[in-house]
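The values are calculated or read from the model by the stated rules, or taken from the named source; none is laboratory data. Computed from a prediction, not measured in an experiment: that's the story for all the values here. All Cβ positions, even for glycine, are placed from backbone atoms using ideal geometry, and neighbour counts span all protein chains on display. Note: areas computed on protein heavy atoms with side chains; ligands, DNA, RNA excluded. Shrake-Rupley method; radii C 1.70, N 1.55, O 1.52, S 1.80 Å.
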Amino acid sequence: MAFGPYFFLATLEGLVMAAVLALTALGLSLVFGVMRVVNVAHGEFFMLGAVLAWAVATSISGHPALGFLVALVISPLVVGAVALASERLVLKRVNYNPEATIVATIGILYIIQQLALTFYGPDARPVVAPFDYRIRFPWFGYSAYKLSVIAASAIVLAATWYLLSRTRIGLVMRATQFDAETATAFGIPVDRVYAGVFALGAMLAAVAAVLIVPIQQAHYLMGHDPLLLSFIVVIIGGLGSLRGTTVAALLIGLSDGIISVFFSPTLAKIIATMAVALVLVFRPQGLFGVSAR
Amino acid sequence: MTGFGNFTGRVVALHIAVVALLFALQFALPAYHHGIMARIMVLAVFAMGYNLLFGYTGLLSLGHAMFFSAGLYGAGLTVYHLDWSVPAAFAAGLASGLVLSTAVGFLALRTTGVAFLIVTMMFGQVAYLFTLYFGDWTRGEEGLTLSQAARQLGPLDLTDPTTRYFTALALFTVVLFVTLALVRAPFGRVLIAIRENEERTRMLGYDTFRNKLGATISSGVICAASGAAYVLLFGYFGSSFAAVQYSILPLLWVLVGGAATTLGPLLGTVLMFYLVDLSNDLLNSRFPDWDVSYLGIVGVALVLLILFFPKGLLGSVRDRWVRWLP
């Protein structure tokens, strides 16, 4: 294959990756932005979403699309409930102290991994894609499902944008993000907003995971990479900024996809991680963010 | 500071008693626990290094596996590929830790709070990926084993269990008293002041950046010493020691034992090592198809600790009963 088509393929792969990454990172960014805490267990909510999608999809007989669609609804709901429970039982009790939250979410990370290992097992298992159609380009055929992932991700991103900027719920969330104390004074139940945001962040990761699971198999250790990449995206994009997160996810997803096709994936990861660490050192507000208040 | 002066005798006596107890255990322990204790003492050195930065200076790092593995690879690779002697390799391990912690300190200490944590985690991740990337020399996840012939310290054979135990104890003792001296010296008091209120410490005229850099470097070198001793005593090194799990373990050990206590790291390492070991056996024999690994136990321990025992065992003991505990 000539360079042009090869590059086109790498770009498509990068776009799929960016689409999933944008959703996962947006979840982390929301929690980070509104609650000012780092959720280290975010990658495990992603993993849980994928594992649950497998469980739901295999328990429903009939056309694969049916099982997939049911999984797309149930899996984020269950993950949201798990996140809500861990927020109420743990995070609330350490008063969202940043460092205590990190230690607590590391603990939650391990507990979720253990539960997945116990009930799901150590194997990687695939979910059948809802439809199996290949789009014929002149040089290669490409899975239509992968392209639909990009579309689905764009729809969820748009819906989240609408929720944040055009609805009352979004207004309350932004008020809490801006100044939790004043928000309390205006009668906003900050405590319940925190619980909701934490659950919403986890659900976004779960949606991303259900979308990816027909392409990448579900495994109990799959949460590690999405967590690191989401950190990278959130840092580059600036905290709590939806536009920054989307742009950064595109940037990271595309460059990761393209670099991994042409170079060693380990080297790509080294370069990306190092670059981001240096961004954080020398430009802590992110490349697109305004300076933190 | 005068308040502490009165108790110097008691404090030193307590530490000597702990070392004497470990010395006596060498003769009392059955073979299996003897081997585990040697390992625990080396890993407790790692925890003590971590404690210097996390407990005393208040800087939460999630990348300390890189300092441990700097020592591990610094010593391991020079023995394996260059046939260096044990003392030279140990020095190479310390030097790697010194260089790495100086570089990381200069960069990471420009950030504070959550950013510091993420930056150290990313540097740790880069170090881990490097051990994979240079797989031709390191053999990546599979790792390398040092031969018995390469692990001779003069007339001493480091593969012999008794020699190994005493070497580990010697390293542990040195580091224990070095940290005790460090945290009671003016340098240590400044670190604690930085933890309590960095702005105020700076206003009092202390160069907080330089002191934090000093803490990072001391912490890094101690962790590297632990890594170098680990590979020389137990003869195996691989990428898994550089993974994020080995950055979280010292945090857990320090939290269990009590952050900012000199003996907490040892206590925490002993307790967690045996807790994971025993509960693994117990749960796996009773519920064989649960696949219980260290994951669940470490996870539950972390959550319970942070909820109910945020100061750790010795931290709570100090708060309630023994105020002079260092």
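A few points about this structure:
- In sequence order, calculated HN-Hα J values of region A:41-50 (Karplus, 6.51, -1.76, 1.60; Hz; x Gly/Pro): 7, 4, x, 6, 5, 4, 4, 4, x, 5
- Under-5 Å amide H pairs with residue A:218, H placed in peptide plane, nonlocal only: A:125, A:127
- Under the Karplus curve 6.51 cos²θ - 1.76 cosθ + 1.60, θ = phi - 60°, whole-Hz ³J(HN,Hα) for region B:9-22, x wherever Gly or Pro sits: x, 4, 4, 5, 4, 4, 5, 5, 5, 4, 4, 4, 4, 4
- Computed log₁₀ I(q)/I(0) - Debye formula, equal Cα scatterers, no solvent, chain A, q 0.10 Å⁻¹: -0.53
- Ignoring aspartates and glutamates fewer than eight residues from residue B:311 along the same chain, the ones with Cα atoms less than 19 angstrom from its Cα are A:99, B:196, B:319.
- Interface area, chains A and B: about 3600 Å² of buried accessible surface, summed, with a 1.4 Å probe and ligands, DNA and RNA left out.
- Ranked packing of A:97-107, A:121-131, most packed first, by mean Cβ within 10 Å: A:97-107, A:121-131
- Per residue accessible area of region A:115-201, 1.4 Å probe, in Å²: 59 Å²
- Ranked by solvent-accessible area (1.4 Å probe, protein heavy atoms only, all chains present), the residues A:36, A:168 order from largest to smallest as A:168, A:36.
- With every protein chain in place and a 1.4 angstrom probe, the accessible-area ranking of A:229, B:275, largest first, reads B:275, A:229.
- Principal semi-axes in Å for the protein assembly as shown [√(5λ), Cα gyration tensor, largest first]: 43, 29, 24
- In the protein assembly as shown, helices alone account for a calculated mean residue ellipticity at 222 nm of -24500 deg cm²/dmol, with every DSSP H run of four or more residues adding -39,500 (n - 2.57).
- For B:105-116, mean number of other protein chain Cβ atoms within 10 Å: 4
- Carbon + sulfur, % of accessible area of the protein assembly as shown - ligands and nucleic acids excluded, 1.4 Å: 68 percent
- Rg over Rh, two decimals, region B:39-184 (C-alpha only, Kirkwood Rh): 0.99
- Using all pairs of distinct alpha-carbon atoms, the Kirkwood hydrodynamic radius of region B:174-326 works out to 17.7 angstrom.
- Rounded to whole numbers, the Karplus 3J(HN,Hα) couplings from phi for region B:261-267 are 10, 6, 9, x, x, 5, 4 Hz, using 6.51 cos²θ - 1.76 cosθ + 1.60 with θ = phi - 60°, and x at Gly and Pro.
- Counting only protein heavy atoms and a 1.4 Å probe, chain B has 41 square angstrom of accessible area per residue.
- Translational D in µm²/s for chain B (Stokes-Einstein at 20 °C, 1.002 mPa s, Kirkwood Rh from C-alpha pairs): 106 µm²/s
- Take each residue of peptide B:119-128, count the partner chain Cβ atoms within 10 Å of its Cβ, and average: the result is 6.
- Solvent-accessible area of residue A:63, all protein chains in place: 120 Å² (probe radius 1.4 Å, heavy atoms, ligands and nucleic acids excluded).
- Cα gyration tensor, region A:202-263 - rounded (a/c under 1.5), prolate or oblate: oblate
- Mean Cβ neighbour count within 10 Å, used as a protection proxy, ranking B:297-304, B:17-24 highest first: B:297-304, B:17-24
- Charge sum, other residues only, whose C-beta stays under 13 Å from residue B:129's C-beta, Lys/Arg counted +1 and Asp/Glu -1: -1
- Surrounding net charge for residue A:143, when Lys and Arg each add one and Asp and Glu each subtract one, Cβ distance under 12 Å: +1
- 5 angstrom amide H check on residue B:62, placed H, neighbours 5+ away: B:120, B:121
- The mean number of partner chain beta-carbon atoms within 10 angstrom of a residue's beta-carbon across peptide B:290-301 is 6.
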